[in-house]
Structure formats: structure tokens, C-alpha cells
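Everything below concerns the one structure shown next.
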Amino acid sequence: MPQERVAVYVDGFNLFYGMRSKGWRRYYWLDLQKLAENLLRSHQRLETIRYFTASLFHDSDDAGKATRQATYLEALQTLSCLSIHHGYFQPQEIKCRKCGNVWRTYEEKMTDVNISVTLLNDAQDDLFDTAMIISADSDLVGPVEAVLQRYPEKRVIAAFPPDRKSKHLRQVANASFTIGRNKLRDSQLPDEVTRADGFVLRRPASWT
């Protein structure tokens, strides 16, 4: 009996903020290939991982965030079956109505759109039997419904990040569960990751 092909779609910031809200900084250095494999069942085979994110600006309140993110993205690029899909941050100015102070903030754009388009394209190209979406973003309900209606032989699983849930996504998916602490703990990258050119990437000190 052939194994069930699984493609994994990771909403990077949804996963990150879920871990952050639980105070699980030590798990940020996450090996997504190990995590995906740890979430699969014995009859399933990992085909691909698609990671969706947006690069942070270095002029944020904590410039180190951008450096840590860049290091992590480079580490992810060493994983054999993972591809990174970039959205972007759009700067916005917010003005306080009471005091008149103005400050800059950033809004993430395109992640849900990129996931939706990629999921539908992969279904059309028959790249998976089951899609596992690591996100609790209800904006993904539409594309999940579209995949299941157009390709009824396929399945979609919602894997909710820690401290994140979506009632609507749970209702439309074939199954759903929440990623637990043990799965994250057992899916960490080595403290040092070597790129193809020999450069060594190290887990950020604040992520230990």
C-alpha cells in the first residue's frame, strides 16, 4: 500500500507568536523538518515543507530581532525539503488622538495570500494527498474549502500552534490538533548549523 504524501504549510509568524505567548523562547530554534516528521503517522510520507514569513526591518524597536530572524532563515535553508516564501511588512504611521504623538509600526502583508495560492496550486499539481497547515488563521478557511470541494479525494489537517485556535478552520478541515510542547522540544535544530559554504550559524543566545 503506497504511503500517503503530505505537504506542510507553515505560517511562520502564527507559529512564532503562539510559542511567544506561552513563553517558549527556547523552542524558537525549531527544525521544521523534524517537527513535520514528528507530526506524521506511520502511513504518511513528508513530501515538502513550505514556510511563509516576511523579513523584519532593522529599524524596529529591537534591531536584534531582524538579525535573529535572518540567522534562523539561513538555518532553515539547509533543510532539504523546505522552501521559504516571503511576504513583506508595510510601514504605517499611527497618531495618538489625545497627545498627537506619532509612531511607526509595521503590518505583515501577503502571508495568508501566499499560503492560499500555493496550497491551491499544489493541489492542482497533485503534489500531496494530505495538506497539513500549521496556522490558526481563519483567513485560510476559504482556500481550504476550495481544495476540499475541488479535490474531494484530498485531505487538509489544521495543526494549531501553541495558544492558537480557530473554530472556523477546525470546522472545515478534515481534522485538527494543537502542537504540544513535547513536539517542539523534540524538534530543535543543533546549536550550530553549517551552511553549504561552511559558514556556521549559531542559535541566538537569547533563544536558549
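Taken together, the values in this text are just the output of simple stated rules run on the coordinates, not laboratory data. This one's a predicted model, so the numbers in the text were calculated from it and none came from an experiment. Cβ: placed from backbone, ideal geometry, glycine included. Neighbour counts: every protein chain shown.
For the reader, a short list of remarks on this structure follows.
- Answer label for P(r) over Cα pairs in 10 Å bins from 0, in percent (calculated), chosen among (i) 8, 32, 35, 18, 5, 1, 0; (ii) 8, 29, 30, 23, 10, 1, 0; (iii) 8, 34, 41, 16, 1: (i)
- Taken about its Cα centre, the chain carries a charge dipole of roughly 880 debye when the Cβ of each Lys and Arg holds +1 and the Cβ of each Asp and Glu holds -1.
- DSSP bridge pairs, the chain: antiparallel proportion in percent, nearest 5: 30 percent
- Computed over neighbours whose Cβ is under 11 Å from that of residue 2, the net charge equals 0, Lys and Arg +1, Asp and Glu -1.
- Only Cα pairs under 8 Å and 6+ residues apart enter the sum, and on that basis the relative contact order of the chain stands at 27 percent.
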